[in-house]
Amino acid sequence: MTDSDHLNPPSHSASSQEEMTDFGFRNVPREEKKPLVRHVFESVAGKYDIMNDAMSLGIHRIWKRIFITELGPAPNLKLLDLAGGTGDITFGWLKRGGGSAILSDINAAMLEVGRERAIKEGLINRIDVREVDAESLPFPNASMDRVSMAFGLRNCTDKNAVLREVRRVLKPGGRFCCLEFSKVAVAALSPVYDLWSFQILPRMGRMIAGDSESYQYLAESIRMFPDQETLAGMMREAGLEHVSYKNLSGGIVAIHSGWRL
Ligand SMILES: C[S@@+](CC[C@H](N)C(=O)[O-])C[C@H]1O[C@@H](n2cnc3c(N)ncnc32)[C@H](O)[C@@H]1O
């Protein structure tokens, strides 16, 4: 694959769409995506936090702070953090006055790093750590006040299933907030962003985490993720209401919000 191929996602025939899905720019059978994603996060778990700081020059911390403000932590509210990984959103929620929290992720290696961090930060007694597939939630209907998902939805095979499950577990009056990479809305940013994503990130991945492929996947998966309006439409389709979004950093990421009424 050449460098320019990385900038041009492949197109697929309509007939193959049902059984196939994207794994970065590769088109893979749907049942293969989960193990492939699992491998990515098992590989990077130990270096995930340090890589986040390096890749975003620390800016992910600002995005996450704004995201947690959007979630509106309050002591009487219960949070389900989906694809919570090493715990940034769960910890931020608790530190800023949120009520009980479930740190959930499909990947035990990521959760283990999160658990160790929670112990170090003295938060472990306030967190329920659960291995959970966001596409099929083991929680009762109408049991959560807030559901968060930061940089997780992109990695799921059946994103519509995730959104339906989110709505199901939210209480009436509950809110879902999603922080994800999105479509850059400032044209002047695009060339620099492409250079950063496809040239620099994989090299950083190799140097810091000893794994360039996982960071190549990261860059590709961002380009394959639905843009702001498409994701908002998917959330409405899943039954969420008052759906809105706001771009951060010129649309490099967006925060989507929807309510269960
Ligand atoms: C980029 S990390 C985000 C972690 C954390 N939310 C953060 O913002 O730092 C993506 C996470 O999604 C998780 N993930 C992927 N597919 C998932 C699924 N089907 N259900 C739950 N988590 C999933 C991965 O294991 C990984 O920990």
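The values are calculated or read from the model by the stated rules, or taken from the named source; none is laboratory data. As the structure is a computational prediction, the values presented were derived from the model and not from experiment. Methodologically, a virtual Cβ is constructed for each residue, glycine included, from the backbone with ideal geometry; neighbour enumeration extends over all protein chains shown. Accessible surface areas use protein heavy atoms only, side chains included; no ligands, DNA or RNA. Shrake-Rupley method; radii C 1.70, N 1.55, O 1.52, S 1.80 Å.
For the chain, DSSP calls about 50 percent of its internal beta bridges antiparallel. Per-residue Karplus couplings for the range 66-76, computed as 6.51 cos²θ - 1.76 cosθ + 1.60 with θ equal to phi - 60°, are listed in order as 5, 4, 5, 4, 4, 5, x, x, 8, x, 8 Hz, Gly and Pro entered as x. To the nearest Å, what is the center-to-center distance of the range 35-75 and the range 140-186, using C-alpha atoms only? Taking the Cα centre of each part, the range 35-75 and the range 140-186 sit 16 Å apart. With contacts taken as Cα pairs under 8 Å at a separation of at least 6 residues, the chain carries a relative contact order of 19 percent.
Within straight-line reach of Lys78, meaning a Cα separation under 16 Å, sit the following aspartates and glutamates at least 8 residues removed in sequence or on another chain: Glu70, Asp128, Asp145.
Relative to the current alpha-carbon distance between Ala188 and Arg236, full extension at 0.36 nm per residue lengthens the span by 14.2 nm.
Per residue, how many Å² of accessible area does the chain show with a 1.4 Å probe?
45
Between 0 and 90 degrees, the angle of helix 159-169 with respect to the longest Cα principal axis of the chain falls at about 0 degrees. Taking the helices alone, the chain has a mean residue ellipticity at 222 nm of -11500 deg cm²/dmol, built from -39,500 (n - 2.57) per DSSP H run of at least 4 residues and averaged over all its residues. Rolling a 1.4 Å probe over the protein heavy atoms of the chain, with every protein chain left in place, gives an accessible area that is 53 percent carbon and sulfur. Inter-label distance, Glu31 to Asn160: 2.1 nm, where each label sits 7 Å from its Cα along the C-beta direction. Give the angle, between 0 and 90 degrees and rounded to the nearest 10, that separates the Cα long axis of helix 30-44 from the longest principal axis of the Cα atoms of the chain. Between helix and principal axis, roughly 80 degrees.
Among the listed pairs Lys95/Lys246; Lys33/Lys120; Lys34/Lys95; Lys120/Lys159; Lys120/Lys171; Lys34/Lys120, those with a Cα-Cα distance over 28 Å are Lys33/Lys120; Lys34/Lys95; Lys120/Lys159; Lys120/Lys171; Lys34/Lys120. One decimal place: the segment Ile200-Lys120 gains 25.6 nm when fully extended, by the rule 0.36 nm per residue minus the C-alpha distance.
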